[in-house]
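Structure record follows, encoded as structure tokens.
The values are calculated or read from the model by the stated rules, or taken from the named source; none is laboratory data. What you are looking at is a predicted structure, and each value in this text was computed from that prediction instead of being measured. Cβ placement follows ideal geometry from the backbone for every residue including glycine, while neighbour counts extend to all protein chains displayed.
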């Protein structure tokens, strides 16, 4: 993102702009800016009709050229996916506030290492104002869909023009980042955004569910849970207003469960991608097939087991401590 592009974007979404401390927070939805042909492609590839995100920028730096800034720029992306959203990372939390959240904590750590840090926090699937395309609701939305959403948003905002992207994902968001890391998005032929060079990548995979496909029992469980939730929601939808936020979130959950059931084994390569896996010691879902999948992907990422914790570990101080402590190794 060039300095001019930043200024233009600040003007376009000025109503959703807020300055807190040394950072500017912009809430936006790239689907609001796409041409009809681009929007059609976006919906087909991502399974989403709306794609909210929050861009976290340092207050405008001065005296640096766009080229020198991009060479020192680290873009940190945050993806959740299922059962959570931007608030799961500490954004918009009235109790903790953004300065207490994981997003600002990570960006502050990157800046302390002498880099310019830009944060991009995607909405949860079907949450935070996001909505699924009707075709995806029936077929199921997969980690591949979520990966393409990240690619499109990065393309549109020009954030592929950076030194490195650090992807931090939880659950389905972590699974999506595996797909993103294995994809050759520099030659994908997308109409949306600019085609830039492939930046260096680092991945922090928190409680990943990408290896569910290694277990027939877990795959079947996701399939049954998704269909069961659909059956429960069908009579409710006829009585409850179709625009209900809670109903939309439950429909999205059912779609994501079906997508997890049909994602298949991970067949990509993670060679050359720096990374870290963080899982709770009691998170047996994330642990099933994890080491075998990493080995097949020719990946030597360290795996940190957080003692006594389960699947939802974003809230725990130990997660932030381990993550920020390992960040220098990811640059």
Quick check: anything in the stretch 253-267 in contact with a strand residue (DSSP E or B) (Cβ under 8 Å, 6 or more places away or on another chain) and over 23 Å from residue 76 (Cβ atoms)? yes
Per the filter on the stretch 166-215, residues assigned to a loop (DSSP other than H, G, I, E, B) and either modelled with pLDDT of 75 or more or within 16 Å of residue 145 (Cβ to Cβ) (or both) are 171, 183, 188, 190, 192, 199, 207, 208, 209, 215
Note on the stretch 120-136: residues farther than 13 Å from residue 248 by Cβ and at pLDDT 75 or above are 120, 121, 122
- Scan the stretch 155-165 and give yes if some residue there is in contact with a strand residue (DSSP E or B) (Cβ under 8 Å, 6 or more places away or on another chain), at pLDDT 85 or above and under 21 Å from residue 48 (Cα atoms), otherwise no. yes
Heads up, the helices (runs of 4 or more DSSP H) in the stretch 1-119 (entirely inside) with at least 1 residues that are modelled with pLDDT under 70 and out of contact with any helix residue (DSSP H, G or I) (no Cβ under 6 Å at 6 or more places or on another chain) are 3-12, 66-71
Scanning the stretch 291-317 residue by residue, the ones that are under 21 Å from the mean Cα position of the chain (by Cα) and farther than 15 Å from residue 203 by Cα total 9
